[in-house]
Protein chains: 2
Amino acid sequence: MGEFELLARLRERLPPPGPRVRVGSGDDAAVTVPGGATATSVDALVDGVHFRRDTATLTQIGRKALAAALSDLAAMGAEAGEAYVAVGVPPDLDEEGCLELFDGVAALATATGTTLAGGDVSRTPVLSLAVTVVGHAATPERLVTRAGARPGDALVLTGEIGAAAAGLLLLERPELAASVDAATGAQLRRRQLDPTPRLAAGQALAAAGAGAMIDLSDGLGGDAAHLARASRAGVRIDAGALSLAAGVAEVAAAAGRDPLELAAAGGEDYELLAALAPERLPGALRTVAATGEGGLKQVGEVTAGEGVEIRRPGGEILAPAGFDQLG
Amino acid sequence: MGEFELLARLRERLPPPGPRVRVGSGDDAAVTVPGGATATSVDALVDGVHFRRDTATLTQIGRKALAAALSDLAAMGAEAGEAYVAVGVPPDLDEEGCLELFDGVAALATATGTTLAGGDVSRTPVLSLAVTVVGHAATPERLVTRAGARPGDALVLTGEIGAAAAGLLLLERPELAASVDAATGAQLRRRQLDPTPRLAAGQALAAAGAGAMIDLSDGLGGDAAHLARASRAGVRIDAGALSLAAGVAEVAAAAGRDPLELAAAGGEDYELLAALAPERLPGALRTVAATGEGGLKQVGEVTAGEGVEIRRPGGEILAPAGFDQLG
């Protein structure tokens, strides 16, 4: 089967385009009529680096590629708009495999209201996906960068962390599964293989007046350092306030790892870390809770210093400034 | 060197962002304020498939990746806006190699007024680039799809064709170089390695009222078939009207190939093929000539049939309907 035939079969499976899309996949370029401002990001996933075909299904790989890209839009507070997917197809991936991969992308696109508006298929030695996503907002001021955190701001975090790192440990070392019950283990693996971009929470945080925001792709320590550096500020995190997902402590213990370190250094949780003025905190807690995307919790504050300091309940410093080298 | 450090070094070399870009590379996403409509396309290039590192420099590879993507915007009649580049870096490409590749992308971005607004760097087995480009127009109606060709329209083509295919022959079979003088050979190789997207000609054709347009990436036969199919029409091309680049006939003869077939089946010329009402032809010829991008010539017409027919001066059919199988 040639590239054109495969693309034609893929296009048949596309969900209907959103209202901003005037010309979808199949022409030289997609034509859209954006609102006032767009947020655009590209994210690539490569077999053996970001996923492994022996532990993830093709559908999961497709979903995760789009999820990781959409998470960047969530971190801007943007509404999901369009996605453009370049797939590198290895020799051992047949037509049905391509369609299975694509079904994962399409399923999450449908669930998030994202239009798959273009793509490219090439032969490559190993499976890879580069996903460009475009999100929308009424004005550029409604989009939240990493750079607007101010000393005295509350630092807030959505959901629970550590699940993706614990899930990766379970996938790489199946003998660790005995440390948790089957349902908890399955949930941890699912958080690694099939993350959810916090699009609604991101828009709620933007509307609630978040000054800076980032998604946890590299890990809390590293991503907090990105936010601190972009804002020319410091970040102090109270490790006791962090919500670890169920089973993280048990899996970490079984692996001989410190649970807080695993949770803070492990990436791919795709939760949102935001800074906002303390008076805006009650409103943010309320509106994020209303999204059903796992709630919001204050985990620290922005300081006039620099770098990231994560402090255990007893006062011991878990991670010093410059923690981002771990990321 | 880590991904973050490399990205920081790459960002230092970025040309300044264009007026639509509010937040450039380095945050979770770029923030732009588009005009009335955008055209967006993604194009991937993979080592061993779309280029070879033993015949192209890294700078050329970077330039060509952006050129191929921008050519799709040219085919929409869009103004170049932003580019987002995902690079897969193989083990044997060091930091200096990455910067050299990137300098090629940046040089063409500067020359075309394109802002490099985001990127991603991953480890991969072979060098690959996925480039997403966003172009702009005042309204969606100002962008030209493949679908608006009508029977009776004049079919026009910018520049000369066959150079990229002849250049590829010279790169793959150096012994053919004796068939042309050194300067001609160098020019043919340059058309293969360093193509120019016809952005000004595309905008001129859109302004002149082109009803349908496509860029020649797969080859005249295949791309004409795409345009015909999208427009539910046929296309008749007079092979005698085609302008072959200097040296194409000689290289084709030395390789035992028919020059017209080589030019019509060979891809990567990145010239523009457009259909427009006959009364708009004089205006289009004038405005495209004024861009300095190689002029415009009528090469055929749109018919009420289907598929593509390319007829030699003597009347013999060079390519039957369904020619796109060659593309």
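The values are calculated or read from the model by the stated rules, or taken from the named source; none is laboratory data. All figures in this text were calculated on a predicted structure; none of them were measured in a lab. Every residue, glycine among them, receives a Cβ derived from its backbone with ideal geometry; neighbour counts consider all protein chains shown. Note: areas computed on protein heavy atoms with side chains; ligands, DNA, RNA excluded. Shrake-Rupley method; radii C 1.70, N 1.55, O 1.52, S 1.80 Å.
Between A and B, buried accessible area from a 1.4 angstrom probe totals roughly 3800 Å², ignoring ligands, DNA and RNA. For the pair residue A:3 and residue A:186, the difference between a 0.36 nm per residue extended length and the Cα-Cα distance amounts to 62.2 nm. The long axis of helix A:95-112 is offset from the longest Cα principal axis of chain A by roughly 50 degrees. Chain A: longest stretch without exposed trypsin sites (Lys or Arg not before Pro) (DSSP loop, at most 15 other Cβ within 10 Å), sites themselves excluded? The answer is A:53-231.
Run the Debye formula on the Cα coordinates of chain B, all scatterers equal and no solvent, and tell me log10 I(q)/I(0) at q = 0.10, 0.12, 0.14 1/Å. The calculated log intensity ratios at q = 0.10, 0.12, 0.14 Å⁻¹ are -0.58, -0.83, -1.09.
Per the Debye formula on identical point scatterers at the alpha carbon atoms of region A:184-292, with no solvent, log10 I(q)/I(0) at q = 0.09, 0.13 Å⁻¹ is -0.26, -0.54. Placing a label point 7 Å from Cα along the Cα-to-Cβ axis, residue B:92 is separated from the same position in the other copies by 2.3 nm, shortest listed first.
The residue list B:219, B:281, B:243 was ranked by how far each Cα lies along the charge dipole of region B:208-327 toward its positive end, using unit charges on Cβ atoms, and B:281 comes out on top. Placing unit charges on the Cβ atoms of the charged side chains and taking the dipole of region B:166-284 about its Cα centre, the candidate lying farthest along the positive direction among B:202, B:254, B:270 is B:202. Net charge of the neighbourhood of residue A:272, taken over other residues with C-beta under 12 Å away and scored Lys/Arg +1, Asp/Glu -1, is -4.
Considering only beta bridges that DSSP places wholly inside chain A, some 70 percent are antiparallel.
Which shape class, rounded, prolate or oblate, goes with region B:1-73 when its Cα gyration tensor gives a ≥ b ≥ c as root eigenvalues, a/c under 1.5 marks rounded, and past that a/b bigger than b/c marks prolate? Oblate is the answer for region B:1-73, as a/c is 1.5 or above yet b/c matches or exceeds a/b. Our estimate of slack between residue B:110 and residue B:139, defined as 0.36 nm per intervening residue step minus the Cα-Cα distance, is 7.9 nm.
In region B:181-271, the portion of solvent-accessible area held by carbon and sulfur atoms comes to 47 percent [1.4 Å probe, whole percent, DNA, RNA and ligands not counted]. GNM on chain A, alpha-carbon springs under 10 angstrom: the most fluctuating residue among A:55, A:38, A:303 is A:55. The other copies place their residue A:304 label points at 8.2 nm from this one, listed shortest first, where each point is 7 Å from Cα along Cα→Cβ.
Counting only protein heavy atoms and using a 1.4 Å probe, the accessible area of residue B:316 comes to about 110 Å².
Less than 5 angstrom separates the built amide H of residue A:127 from those of A:47, all sequence-distant by 5 or more or on a different chain.
What is the antiparallel percent of DSSP beta bridges lying wholly in the protein assembly as shown, to the nearest 5? Counting only bridges with both partners in the protein assembly as shown, antiparallel ones make up about 75 percent. One decimal, nm, shortest first: give the distances between the label point of residue A:283 and those of the same position in the other copies, each label point 7 Å from Cα along Cα→Cβ. Counterpart label points of residue A:283 in the remaining copies fall at 5.1 nm. Every Cα-Cα pair in the protein assembly as shown was counted, and those over 40 Å apart are 31% of them. In this rough spin-label picture, where each label sits 7 Å from Cα along the Cβ direction, the residue B:277-residue B:178 distance is 5.6 nm. A simple charge model with +1 on the Cβ of Lys and Arg, -1 on the Cβ of Asp and Glu and nothing else charged puts the dipole of region B:218-282 at about 320 debye relative to its Cα centre. Using R₀ = 45 Å, calculate the FRET efficiency as 1/(1 + (r/R₀)^6) where r is the Cβ-Cβ separation of residue A:290 and residue B:241; round to 0.05. For residue A:290 and residue B:241, the calculated efficiency is 0.10. Its Cα gyration tensor gives region B:210-251 an equivalent ellipsoid. The semi-axes, each the square root of 5 times an eigenvalue, are 23, 11, 9 Å from largest down.
Determine the dipole magnitude for region B:181-256: charges of +1 sit on the beta-carbon of Lys and Arg, -1 on that of Asp and Glu, nothing else is charged, the reference point is the Cα centre, and the result goes in debye to the nearest 20.
220 debye
Given charges of +1 on the Cβ of Lys and Arg and -1 on the Cβ of Asp and Glu, with all other atoms neutral, how large is the dipole of region B:29-147 about its Cα centre, in debye to the nearest 20?
Numbers: 7 positive and 14 negative charges, 84 e Å.
It comes to approximately 400 debye.
Hydrodynamic estimate: the Kirkwood radius of region B:7-140 over Cα pairs, inserted into Stokes-Einstein at 10 °C and 1.306 mPa s, corresponds to D of 107 µm²/s.
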